[in-house]
Amino acid sequence: MTTAEAPPASHSRLGNWLSDGWITTRRNLIKIKRVPDILVYTTLQPIMFVLLFTYVYAGVIKIPGSTYTEFIMAGIFAQTVVFGSTFSGSAMAQDLKDGIIDRFRTLPMSPSSVLIGRTNGDLLINAISMTVMMTTGFVVGWRVRSSFLEAIAAVALLLLFSYAMSWMMAFIGMSVRSPEVINNVSFLVLFPLTFLSNAFVPSDTLPTPLRIFAEYNPVSALVQSARELFGNVPPQAVKSDVWTQQNPELTVLIGIALMLVVFVPLANRKFAQVSSR
């Protein structure tokens with residue numbers, strides 16, 4: 001009678017890692033359930049932005065060959081998912097302050113699973129925000145002018161970009177001294193990226209120094225990708241001769257890959273340092 005062979009150690013480690021990642025993700029989802037204010041304010045903010053920009057600025061900013069509502073929606077999508085990535089930073093900073101990380105350190109679990117659970121939670125929140133924004137957009141007159149698959153690709157690109165940024169913000173959250181600081185740091189980084197872009201006005205209308213910054217801004221590539229995939233590019237839009245704007249989808253994918261390659265190892269290394277104190 002032969003004895004059943006034990007599964008390879010590598011398979012066992014992978015199974016444990018996936019299980020730990022799911023458990024920490026579930027912890028963050030339960031936290032949303034127990035503190036519904038997180039979800040309420042997360043969904044109210046995108047609704048406010050959609051209504052604010054479409055009804056307040058639509059009559060002032062003219063987009064040749066299109067409406068400001070269709071022009072602005074891709075910018076609002078990008079802004080919301082980019083700012084949604086800050087939850088990972090503030091949550092990690094808060095967990096460090098509350099001593100939750102010390103409790104995780106005593107458990108037989110993979111250290112990286114804590115970060116995976118945190119960034120996965122952000123991904124879900126951003127997915128909910130996207131659903132709310134798209135629904136609100138349809139109410140105020142925004143329409144998808146492309147195919148269903150292209151629209152899905154636009155949503156996937158926005159969420160992947162936000163997921164990569166969540167790793168960067170998690171690293172920053174573990175690098176600051178208090179949760180209060182992460183909000184200031186986040187706004188210092190994210191405000192220029194979102195407002196000095198083509199999200200709210202065409203980049204060719206900006207002064208030359210700002211136009212150059214906007215054309216090479218990764219958020220501009222994200223916004224342009226969303227506009228193209230949703231079919232919301234104005235027919236009379238000025239064609240940019242900058243490579244990043246001519247190839248926005250590829251630019252965004254390169255940016256996502258670079259952020260993950262850089263900040264996933266940095267965040268895990270930082271977590272190992274702060275959890276060993």
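Throughout, read-outs are computed from the coordinates displayed, never taken from laboratory work. Remember, predicted model here, so these are calculated numbers, not experimental data. Cβ atoms come from the backbone with ideal geometry, glycine included; neighbour counts cover every protein chain shown.
Hey, what's the per residue convex hull volume over the C-alpha atoms of the stretch 117-168, in cubic angstrom?
70 Å³
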*About the Cα centre of the stretch 21-275, how large is the charge dipole given +1 on each Lys and Arg Cβ and -1 on each Asp and Glu Cβ? Please answer in debye to the nearest 20.*
660 debye
*asked:* Suppose the chain between Leu44 and Leu260 were pulled fully straight at 0.36 nm per residue; how much longer would it get relative to their current alpha carbon spacing?
replied: 74.8 nm
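Ile182: net charge of surrounding residues, Cβ under 15 Å, Lys/Arg +1, Asp/Glu -1, itself excluded? If you can, show how the numbers build up before the last one.
Working: positive: Lys97, Arg118, Arg177, Lys270; negative: Asp95, Asp98, Asp122, Glu180.
Surrounding charge for Ile182 is 0.
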*Is the stretch 129-226 rounded, prolate or oblate when judged by the Cα gyration tensor, a ≥ b ≥ c being the square roots of its eigenvalues, rounded requiring a/c under 1.5 and prolate requiring a/b larger than b/c?*
oblate
*Starting with the fewest neighbours, write out Tyr68, Tyr57 ranked by other beta-carbon atoms found within 10 Å of each beta-carbon.*
Tyr57, Tyr68
*Under 19 Å from the 7 Å Cα→Cβ point of Phe195, by amide nitrogen: which residues of the stretch 215-242?*
215-221, 223
_Cubic angstrom per residue, convex hull over Cα atoms of the stretch 21-275_ = 128 Å³
*With all pairs of different alpha carbon atoms counted, what Kirkwood hydrodynamic radius in Å does the stretch 40-165 show?*
16.3 Å
*Sort Trp22, Trp142 so the one with the fewest other Cβ atoms within 10 Å of its own Cβ comes first.*
Trp22, Trp142
